[in-house]
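Each remark here refers to the structure printed beneath this line.
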Amino acid sequence: MTAPQNPITRAIWDGTLPIKLSLDTTEAAALGAKTIIEPYFIEAPRCSYFPLLTSQLRKYFGDMMLNFIGDDAEIWYDVDGTPLKWHYPIGLLYDLHTGYRPDSNSPPPLPWSVTVHFKDFPADKLIRAQAIDATQDFFMSMIKEADFLRNGSTKKVMNLSKNDQTQLWDGLWSKNYDRFWSVNYRLVMNDGQMPRHIPLRIYLPDNCPVLQEPVSPLDDNGNPLTLGDVLHQILPELFPSSLPSENSFAAPVIHGVIPQLDMPIVRASQNLCYPDNFLHIVVLLGI
Amino acid sequence: MSIANSDTTTFPNNSSSSTSLNTNLVENVNPQVSLNPATALEKYKKKDSSKVVVRFRAIGNAPILKQNFYKITASNKFQAVIQFLRKELNYKASDPLFLYINSAFSPAPDEIVANLHKCFSTDQHLIINYCTSAAWG
């Protein structure tokens, strides 16, 4: 089954990040490494999740004679000492942790340097997954949460056949655009109905709590609200106006780009959402 | 002559209007420049100390609580709600327990109660269903 043509969702789906995964040096010794362990380089889809890389990594480091017999779910990742949330998409984690503004004059920090850990899972900072299937469960829960925001129920997801529901996750891990988008298209387009609320989350620097509010796609007069309007409503101090020219120090970043602020929020949601159906907006300050 | 006159009369008008436009621009720009992004962030960093009502509903053969609604600090993560319910039910970490919002979906433990309440509450109550086997998996 082929998905409807959309160059934007296609480009987002094809977006990848080169990542350099290095083994924590003290752990390497503890795991029986006798020589220096070379890092593993991978080009990972921005829309994917770290647990989907774990089996490759395990094989690579296993071939280096590392003695690790634990479960895949024990393997975790960090950047500069901050554990990475495995249930966030990789692209979101990159935008959030590098804080790289695409409009700056310096080149992006690539490949992205991430440390892999096989020991001492930080259960106080990360959710402990019971099994590797947890990624799929968390992903499907996000899709249902998004559906609830759009429709006040999860009927649209629950009315998908078992096969179609499975196709969402299968399409994602097997990197099959048509498999995923032929089903997901029905969800994000909401069968042509205007959604009640837009599924979105906003991430601010300095460990501010994540913001999620019921965001209406229309104003009181039924006119479409723009991305700029929404940012101005939720973060008036950082976006003193909904117009692009007046917002000099804060910039929203989605999939590593700064989107047009005058784009209707419903269009942004349909085209720029991650596979979990949420618009994940990282707000960065200064250049 | 009359044309020249009208030109000279409109010219100063134009220049005065452009001066006032400039002043407007400066007035618009100034508050932004003086706005310190760090101070703006402080506001969003502050923990919400307000409390919200959560209402627990048992599903299937899950034990019923004596009291089914509680006030919970809004800035808590959903993890705190899970732990609270486990304690109330005297459940060990190994006992299976599944929590859902509005009989519909299971939020991640790191989602913030305030956000869930803002987005999904009914009559100011956040309705949490719980059961001992996966229900709306």
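The values are calculated or read from the model by the stated rules, or taken from the named source; none is laboratory data. All of these numbers come straight from a predicted model, not from anything done at the bench. Here Cβ is always computed from backbone atoms with ideal geometry, including for glycine, and neighbour counts include all displayed protein chains.
Could you tell me which numbered condition A:Met158 fails, if it satisfies all but one of (1) farther than 30 Å from A:His232 by Cα; (2) away from every other protein chain (no Cβ under 12 Å); (3) surrounded by fewer than 18 Cβ atoms within 10 Å (Cβ to Cβ)?
If we test A:Met158 against (1) farther than 30 Å from A:His232 by Cα; (2) away from every other protein chain (no Cβ under 12 Å); (3) surrounded by fewer than 18 Cβ atoms within 10 Å (Cβ to Cβ), just (2) comes out false.
Give region A:236-287 a look and list any residue that's acidic (Asp, Glu) and assigned to a loop (DSSP other than H, G, I, E, B), or say none.
A:Glu237, A:Asp262, A:Asp276
Restricting to region B:99-122, name every residue that is in contact with an Asp or Glu (Cβ under 9 Å, 6 or more places away or on another chain), assigned to a strand (DSSP E or B) and aliphatic (A, V, I, L, M).
B:Ile101, B:Ile112
Could you list, in sequence order, the residues of region A:212-250 that are within 7 Å of chain B (Cβ to nearest Cβ), surrounded by fewer than 21 Cβ atoms within 10 Å (Cβ to Cβ) and modelled with pLDDT of 95 or more?
Within region A:212-250, A:Glu213, A:Pro214 qualify.
Could you list, in sequence order, all residues of region B:71-98 that are in a strand (DSSP E or B) and more than 11 Å from chain A (Cβ to nearest Cβ)? Don't jump to the end; show me each part of the working.
Keep residues of region B:71-98 that are in a strand (DSSP E or B), which gives B:71-73, B:77, B:98.
Within region B:71-98, B:Lys71, B:Ile72, B:Thr73 meet the criteria.
Across region A:116-139, which residue is farthest from A:Ala73 (Cα to Cα) among those that are more than 9 Å from chain B (Cβ to nearest Cβ) and in a helix (DSSP H, G or I)?
It comes out as A:Phe139.
Has region B:40-51 got at least one residue that is more than 10 Å from chain A (Cβ to nearest Cβ) and either more than 22 Å from the chain's Cα centre (by Cα) or not hydroxyl-bearing (Ser, Thr, Tyr) (or both)?
yes
Would you confirm whether any residue within region A:15-25 is modelled with pLDDT under 95, surrounded by 13 or more Cβ atoms within 10 Å (Cβ to Cβ), among the aliphatic types (A, V, I, L, M) and in contact with a strand residue (DSSP E or B) (Cβ under 8 Å, 6 or more places away or on another chain)?
For region A:15-25, residues modelled with pLDDT under 95, surrounded by 13 or more Cβ atoms within 10 Å (Cβ to Cβ), among the aliphatic types (A, V, I, L, M) and in contact with a strand residue (DSSP E or B) (Cβ under 8 Å, 6 or more places away or on another chain): present.
Go through the residues of region B:112-134 one by one and say whether even a single one is acidic (Asp, Glu) and either surrounded by 16 or more Cβ atoms within 10 Å (Cβ to Cβ) or touching a helix residue (DSSP H, G or I) at 6+ places or on another chain (Cβ under 6 Å) (or both).
no
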